[in-house]
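Participant: Quick one: this structure, given as C-alpha cells, is what I'll be asking you about.
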Amino acid sequence: MNSIHEKEKKLNEALKKLNLTNPQNLNQKETISNLDQQKNQLEIEKKELEIKYRELYQNYEKLKLKIDELTSHADEEKKKELEFSDKIDELNQETDSLLEEIDKWQM
C-alpha cells in the first residue's frame, strides 16, 4: 500500500511540474511580462509628461505676469495721454481767452 501512495504522490508532483510548464501558462507569463513592460513604459512617459506640464505651467505663469505688467504699463500710458490732452485743452482755452483779451484791448 505504501508503494501505491508513494507512486500517487510522485505522480501528483509530476503533474504539478507539468502544469507549471504548460504552454498556456507560458503564454500567460509572456502576456504578464509584456503588460509589465508596457506599464513601465507608460510610467516613464507619464513622468516625462508631468515634467513638461510643470515647465509649461511655469512658462504660463511668467507670461501671465509679463502680460499683467504690459497691461499696467499701457494703462499708465493711456492715463498720461489723457492728462496731456486735458492740459492741451486747458492751454487752448487759455490761449483763446488771451486772444479775446488782446482783441478787446486792440479795439
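Participant: GNM on the chain, C-alpha springs below 10 Å: top fluctuator among K17, K80, K64?
Facilitator: Judging by the Gaussian network model, the answer is K17.
Participant: Give the distance, in whole Å, between the Cα centre of segment 25-61 and the Cα centre of segment 83-106.
Facilitator: Using only Cα atoms to place each centre, the spacing works out to 76 Å.
Participant: If you don't mind, there's one more thing I want to ask. Okay, helix-only estimate at 222 nm for the chain: each DSSP H run of n ≥ 4 adds -39500 (n - 2.57), divide by all residues, round to 500 deg cm²/dmol; what do you get?
Facilitator: Counting only the DSSP helices, I get -36000 deg cm²/dmol.
Participant: Related question: Give the Cα extents of the chain along the principal axes, in whole Å, largest first.
Facilitator: Per principal axis, max minus min of the Cα coordinates gives 151, 21, 14 Å.
Participant: Ok, one more. Could you state the angle between the C-alpha long axis of helix 2-20 and the longest principal axis of the C-alpha atoms of the chain, as a value from 0 to 90 degrees rounded to the nearest 10?
Facilitator: Between the helix axis and the principal axis of the chain, the angle is about 30 degrees.
Participant: Separate question: Can you tell me the 0 to 90 degree angle between the C-alpha axis of helix 23-106 and the longest principal axis of the chain, rounded to 10?
Facilitator: That helix lies at roughly 0 degrees to the long axis.
Each value in this text was obtained by applying a stated rule to the coordinates, not by laboratory testing. What you see is a predicted model, and the numbers here were worked out from it, not measured in a lab.
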